[in-house]
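Okay, so here's the structure we're looking at.
Values quoted throughout were computed directly from the atomic coordinates according to the rules given, and no laboratory measurement underlies them. Note that the coordinates shown come from a computational prediction; the quantities given were computed from them, not determined experimentally. Cβ placement follows ideal geometry from the backbone for every residue including glycine, while neighbour counts extend to all protein chains displayed.
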Amino acid sequence: MKMERIFEASEKEYEEAMQWLSECLKKLGCPQESQYKLTVAFDEMFMNVASYAYPKPEEAPHRTIQSYGEASHEKPLLVSVKGHGGQILLTLEDRGRPFDPFDREEPDVHAPLEERQIGGLGIFMTKRLMDMVSYEYRDGKNIVCLAIGKE
């Protein structure tokens, strides 16, 4: 079973997206621990798209509405969830700037706090929580896939 929905990649739709994901995971029979891990990873990915994928109003004074299937949004984010074998696959697709969130140096989590650089911990956690992460830029879309076992 595959469930998908288009959200506006913005803080105003964040809560609704999180609630929708929770309902999907329950329908798929996802165990509590895996639900928690997927929710943490989705939080990071959703907010990254909302914060960085699309130009800020001052960068693009002429807003354009982008179509994504039937729905039109200024900052569309297509989210799909499906069970596949013993895994749950979560995919996020946006039409923002090309950006691979997983292609960056991992933060030094052992360095003293005052020496650490800001940023990067959410992606670091996502990579550690998931069984598989992938990114590709195809047909004008950033496509992030996350997978975790049901067990």
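Okay, here's what the table says:
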item	result
Distance (nanometres) between label positions extended 7 Å along Cα→Cβ at Tyr36 and Met125	1.2
Amide H contacts of Ala9 (H built 1.01 Å from N, under 5 Å, at least 5 apart or other chain)	Lys75, Leu77
Length added when fully stretched, Arg97-Glu4, from 0.36 nm per residue minus Cα-Cα	31.3 nm
Integer Hz, Karplus 6.51/-1.76/1.60 couplings in order for the stretch 88-97, x for Gly and Pro	10, 10, 10, 10, 10, 10, 9, 10, x, 4
Over 26 Å (Cα to Cα) - which of Lys27/Lys141; Lys26/Lys56; Lys2/Lys37; Lys2/Lys127; Lys56/Lys82 fall in this group	Lys27/Lys141; Lys26/Lys56; Lys56/Lys82
Sites Lys141 and Ser22, calculated FRET efficiency, Cβ-Cβ separation with R0 22 Å, nearest 0.05	0.30
